[in-house]
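Novice: Take this structure first; my questions come after.
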Amino acid sequence: MMPNRVYLDYNASAPPRPEVTKAVTDALACAGNASSVHAEGRRARALIEEAREQVAELTGAPPASIIFTSGGTEASAFALSPQWLCGGGSPRRPLARLFVSAIEHPSVLAGGQFAPEDVERLPVTSRGAVDLAHAARRLESYSQETGGAPFMVSLMLANNETGAVQPVAGLAAIAHRLGGIMHTDAVQGAGKMAFSAAALQADLISLSAHKLAGPKGVGALIVASDRLTHARPLLRGGGQEMGRRGGTENVPGIAGFGAAAEIAQRELASLPRTKSLRDRLEAELRCMAPETIIFSESTDRLVNTTSFAVPGMQAETLVIALDLQGIAVSAGSACASGKVAPSHVLGAMGASRTAALAAIRVSLGWGTAMADIERFLAAWSALYARHKDRLAAA
Ligand code: PLP
């Protein structure tokens with residue numbers, strides 16, 4: 001980590017732990033190609049298979065169900081496909097529709113290999129969780145209208161902006177009852193909450209290493225259901241990843257992912273420490289400015305995430321001001337083609353444009369100490385005082 005900086009943007013990317021950096025550099029020195037039969041090749045293969053075991057351990061999924069990819073985006077691009085066959089591979093209609101929650105990451109909202117007109121958004125409540133009753137009604141009416149046409153549903157495990165944990169198992173039960181396939185983007189949830197592929201009941205699960213303090217550019221798709229086969233490999237080529245994703249494996253990245261998964265599993269026990277830092281931060285923010293909105297406050301949330309706003313303050317400017325003071329956080333808005341757009345997540349929750357444009361995301365992790373929270377609060381207090389002065393002068 002950069003010296004004298006306070007890094008509070010773990011949901012964007014978590015700094016790799018020293019053990020991860022070591023696993024990556026050690027693997028980088030391995031000469032072999034994992035497809036070769038000689039000792040160097042067998043060493044590369046062993047590193048990949050060890051990492052597969054470590055990711056399996058974190059997720060409770062069988063090692064053979066894990067396909068390494070270049071990250072969460074690629075995992076979801078493969079998962080969201082009309083070409084999955086369900087049950088014995090007997091000829092069936094391709095999946096006709098993809099339902100996604102309105103607060104998914106853009107890599108899921110994009111719909112993978114589904115045609116844009118076949119992707120339908122499911123609404124969320126003002127608390128930031130998918131509206132399960134609405135989703136159940138919509139899936140049932142779709143099934144009735146189409147005479148039971150097969151479909152896919154995608155619901156993230158936890159939202160990247162608010163941290164709101166989603167009812168994946170509940171929606172999976174509804175989808176399965178109607179013959180649907182369930183995908184979950186578990187990129188933000190893995191390593192930040194107790195996680196088990198079996199409990200989630202999802203058929204397909206996307207993961208990304210850099211959100212759990214692993215290297216960037218590596219992830220995995222878990223094909224958790226043995227009822228599923230895919231008509232095509234993700235990438236055609238040399239038959240790597242059990243024939244499902246061609247291309248010489250990213251051995252250093254995969255080894256780093258494995259190391260990160262092993263530590264994340266061990267460190268689940270330290271989540272209460274992170275929660276107490278986050279709770280202290282929120283209490284102080286409220287104390288300083290009672291008008292502070294904390295998004296998804298009254299729903300089950302990742303313990304490391306706070307998304308908050310003081311309406312009237314401008315997040316884009318605040319992020320730059322904080323950066324100049326050595327503090328890294330995110331705005332809950334995105335800058336596209338020079339224009340600041342309010343977050344689609346906060347918009348779907350019904351937040352006002354003013355509140356959404358003020359939203360700041362602070363996300364904590366393994367390297368966060370109370371001193372970091374205090375430095376952030378001191379900087380925030382000065383920015384808030386300036387805001388109040390401006391209001392008084394207006
Ligand atoms: N899904 C969620 C919820 C994310 O937060 C992100 C990254 O921001 C991704 C998917 C994309 O993962 P990757 O960066 O590995 O492609």
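So that you can scan it fast, the table gives a plain yes or no per residue for (1) at pLDDT 95 or above; (2) crowded, with 21+ Cβ neighbours inside 10 Å; (3) touching a strand residue (DSSP E or B) at 6+ places or on another chain (Cβ under 9 Å):
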residue: 305; (1), (2), (3): yes, yes, yes
residue: 309; (1), (2), (3): yes, yes, yes
residue: 325; (1), (2), (3): yes, no, yes
residue: 328; (1), (2), (3): yes, no, yes
residue: 335; (1), (2), (3): no, no, yes
residue: 338; (1), (2), (3): no, no, no
residue: 343; (1), (2), (3): no, yes, yes
residue: 358; (1), (2), (3): yes, yes, yes
residue: 362; (1), (2), (3): yes, yes, yes
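Novice: Residue 242 passes all but one of (1) within 23 Å of residue 128 (Cα to Cα); (2) among the aliphatic types (A, V, I, L, M); (3) modelled with pLDDT under 95; which number fails?
Specialist: If we test residue 242 against (1) within 23 Å of residue 128 (Cα to Cα); (2) among the aliphatic types (A, V, I, L, M); (3) modelled with pLDDT under 95, just (1) comes out false.
Novice: Hey, another quick one. Can you tell me how many residues within region 9-31 are within 18 Å of residue 264 (Cα to Cα) and either in contact with a Pro (Cβ under 7 Å, 6 or more places away or on another chain) or crowded, with 21+ Cβ neighbours inside 10 Å (or both)?
Specialist: Here the count works out to 8.
Novice: Scan region 229-244 and tell me whether some residue there is without any contact (Cβ under 8 Å) to a residue 40 or more places away in the chain, within 16 Å of the ligand (Cβ to nearest atom) and surrounded by fewer than 24 Cβ atoms within 10 Å (Cβ to Cβ).
Specialist: Scanning region 229-244 turns up at least one residue that is without any contact (Cβ under 8 Å) to a residue 40 or more places away in the chain, within 16 Å of the ligand (Cβ to nearest atom) and surrounded by fewer than 24 Cβ atoms within 10 Å (Cβ to Cβ).
Novice: Consider only pairs whose beta carbons are under 8 Å apart and that are at least six residues apart or on different chains; among these, list those whose first residue lies in region 6-22 and is polar (S, T, N, Q) and whose second residue is assigned to a strand (DSSP E or B) and within 16 Å of the ligand (Cβ to nearest atom).
Specialist: Listed by first residue and then by second, the contacts come to 11/305; 11/330; 11/361; 11/363.
Novice: Sort out which residues of region 97-111 are under 16 Å from residue 343 (Cα atoms), surrounded by 21 or more Cβ atoms within 10 Å (Cβ to Cβ) and over 11 Å from the mean Cα position of the chain (by Cα), and write them in order of number.
Specialist: Listed by number, the residues that qualify are 101, 103.
Novice: So which of 110, 115 is more than 16 Å from the ligand (Cβ to nearest atom), farther than 30 Å from residue 265 by Cα, without any contact (Cβ under 8 Å) to a residue 40 or more places away in the chain and small (Gly, Ala, Ser)?
Specialist: The conditions single out 115.
Novice: Also, I was wondering about something else. Can you report the number of residues in region 364-394 which are under 15 Å from residue 321 (Cβ atoms), small (Gly, Ala, Ser) and modelled with pLDDT under 95?
Specialist: Total meeting the criteria: 0.
Novice: Let me ask something else about it. Could you go through region 4-27 and let me know if any residue there is under 20 Å from the mean Cα position of the chain (by Cα) and in a helix (DSSP H, G or I).
Specialist: yes
Yes or no, residue by residue, for (1) away from the ligand (no atom under 11 Å from the Cβ); (2) free of Cβ contacts under 8 Å to residues at least 24 places away in the same chain; (3) closer than 27 Å to residue 332 by Cβ; (4) among the β-branched types (Val, Ile, Thr):
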position	(1), (2), (3), (4)
153	yes, no, yes, yes
167	yes, no, yes, no
194	yes, no, yes, no
206	no, no, yes, no
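Novice: Within region 115-153, count every residue that is of a type in the set (A, V, I, L, M, F, W, C) and in contact with a Pro (Cβ under 6 Å, 6 or more places away or on another chain).
Specialist: Number of matching residues: 1.
Novice: When only residues in region 84-114 that are farther than 30 Å from residue 332 by Cβ and in contact with a Gly (Cβ under 9 Å, 6 or more places away or on another chain) count, which is modelled with the highest pLDDT?
Specialist: Per the stated criteria, the residue is 95.
Novice: Next question, about the same structure. What number goes with the only condition from (1) surrounded by fewer than 16 Cβ atoms within 10 Å (Cβ to Cβ); (2) within 12 Å of the ligand (Cβ to nearest atom) that residue 148 does not pass?
Specialist: (2)
Novice: May I ask you to verify whether residue 195 is more than 30 Å from residue 14 (Cα to Cα) and touching a helix residue (DSSP H, G or I) at 6+ places or on another chain (Cβ under 9 Å)?
Specialist: no
Novice: Any residue in region 52-71 that is in contact (Cβ under 8 Å) with a residue 24 or more places away in the chain and within 16 Å of the ligand (Cβ to nearest atom) sitting within a Cβ distance under 7 Å of a residue that is in a helix (DSSP H, G or I) and of a type in the set (D, E, K, R)? List the pairs, counting only those 6 or more apart or interchain.
Specialist: Final answer for the pair search is 66/52.
The values are calculated or read from the model by the stated rules, or taken from the named source; none is laboratory data. Values in this document were obtained by computation on a predicted structure and should not be read as measured data. With ideal geometry, Cβ positions are generated from the backbone for all residues, glycine too; neighbour counts draw on all protein chains shown.
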